[in-house]
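Notes follow once the structure below has been shown.
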Amino acid sequence: INNMRNCQNCTKCCEGHVRAIIKGFKIGNGRPCPFVKIGVGCNIFKDRPTECGQWDCQWRKRLDLPEELDPKLTDIVIDVGIDDKHLHASIMGLKFKEEHIILLRNYCAENDIDLTWNFPLTKETYFFGKEERKEHCLSWT
């Protein structure tokens, strides 16, 4: 039994969300991987770097996250932040709507999880959660 959602043709993590150096190319913060064929997949999947294989899309993993937060539908990629009680959402693209963050904030409140989210192209970062963890979580972003 597979306990994760399937990527299908989603390539959002490779479209500038994951921060890494892939075969000499710095990606992330809006810079896509040069090896991604958007909406199809990775051109070097069999030889992909460790960072790519270890990246852990939380929408795929956390089956209790609302379907409406599918990265293909929202342009939001959700990652583990500083620890398993911190999620970080990178928001890129025109599909993002305020109600997506409301859904994510509600999920985090119900599950006692801190949330940071940012708009990498503008460098704006926001926090929702326990005030005593704010500085700690924001240091990760």
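Points to keep in mind about this one:
- The stretch between Glu99 and Asp83 holds 3.3 nm of extra length on full extension. This uses 0.36 nm per residue minus the Cα-Cα distance.
- Ranked packing of 105-113, 80-88, most packed first, by mean Cβ within 10 Å: 80-88, 105-113
- Per-residue ³J(HN,Hα) for segment 8-15, Karplus 6.51 cos²θ - 1.76 cosθ + 1.60, θ = phi - 60°, Hz, x for Gly and Pro: 6, 9, 6, 10, 4, 4, 8, 8
- Residue-wise HN-Hα coupling along segment 130-135, computed from phi with Karplus coefficients 6.51, -1.76, 1.60 (Hz; x: Gly, Pro): 6, 4, 5, 9, 4, 4
- Under 5 Å between amide hydrogens, built in the peptide plane, is the criterion, and for His86 it picks out Gly81, Asp114 among residues at least 5 positions away or on other chains.
- FRET efficiency for the Ile38 to Tyr126 pair, using the beta carbon distance and R₀ = 25 Å, is estimated at 0.40.
- Relative contact order for the chain, counting Cα pairs under 8 Å that sit 6 or more residues apart, in percent: 18
- Here the 3J(HN,Hα) profile of segment 73-85, calculated from phi with Karplus coefficients 6.51, -1.76 and 1.60 at θ = phi - 60°, is 8, 10, 6, 10, 10, 10, 10, 6, x, 6, 7, 6, 9 Hz, Gly and Pro shown as x.
- Longest to shortest principal axis, alpha-carbon extents of segment 5-62, angstrom: 31, 20, 19
- For segment 55-112, a Kirkwood hydrodynamic radius built from all Cα pairs, placed in the Stokes-Einstein relation at 20 °C and 1.002 mPa s, yields a translational diffusion coefficient of 187 µm²/s.
- Cross-link pairs Lys23/Lys97; Lys46/Lys134; Lys37/Lys130; Lys85/Lys123; Lys23/Lys134 - those with Cα-Cα distance over 32 Å: Lys23/Lys97; Lys46/Lys134; Lys37/Lys130; Lys23/Lys134
- Over segment 97-141, relative contact order from alpha-carbon pairs under 8 Å, at least 6 apart, %: 29
- Over segment 47-118, relative contact order from alpha-carbon pairs under 8 Å, at least 6 apart, %: 28
- Volume per residue that the Cα convex hull of segment 9-136 spans, once the total is divided by residue count, Å³: 112
- Between helix 98-110 and the chain: long-axis angle, C-alpha atoms, 0 to 90°, nearest 10: 60
- Structure-based [θ]222 nm, the chain - -39500 (n - 2.57) summed over DSSP H runs of at least 4, per residue, nearest 500: -5500 deg cm²/dmol
- Share of carbon and sulfur in the accessible heavy-atom surface of the chain [1.4 Å probe, %]: 52
- Average accessible surface for the chain: 59 Å² per residue, computed with a 1.4 Å probe over protein heavy atoms with every protein chain in place.
- Between Leu73 and Glu135, the FRET efficiency estimated from the beta carbon spacing at R0 = 25 angstrom works out to 0.20.
- Rough spin-label spacing in nm, given labels placed 7 Å along Cα→Cβ, for Ile21 and Ala109: 4.3
The values are calculated or read from the model by the stated rules, or taken from the named source; none is laboratory data. Note that the structure is predicted; figures quoted are calculated from it, not measured. Methodologically, a virtual Cβ is constructed for each residue, glycine included, from the backbone with ideal geometry; neighbour enumeration extends over all protein chains shown. Side chains included, ligands, DNA and RNA excluded: accessible areas come from the protein's heavy atoms. Shrake-Rupley method; radii C 1.70, N 1.55, O 1.52, S 1.80 Å.
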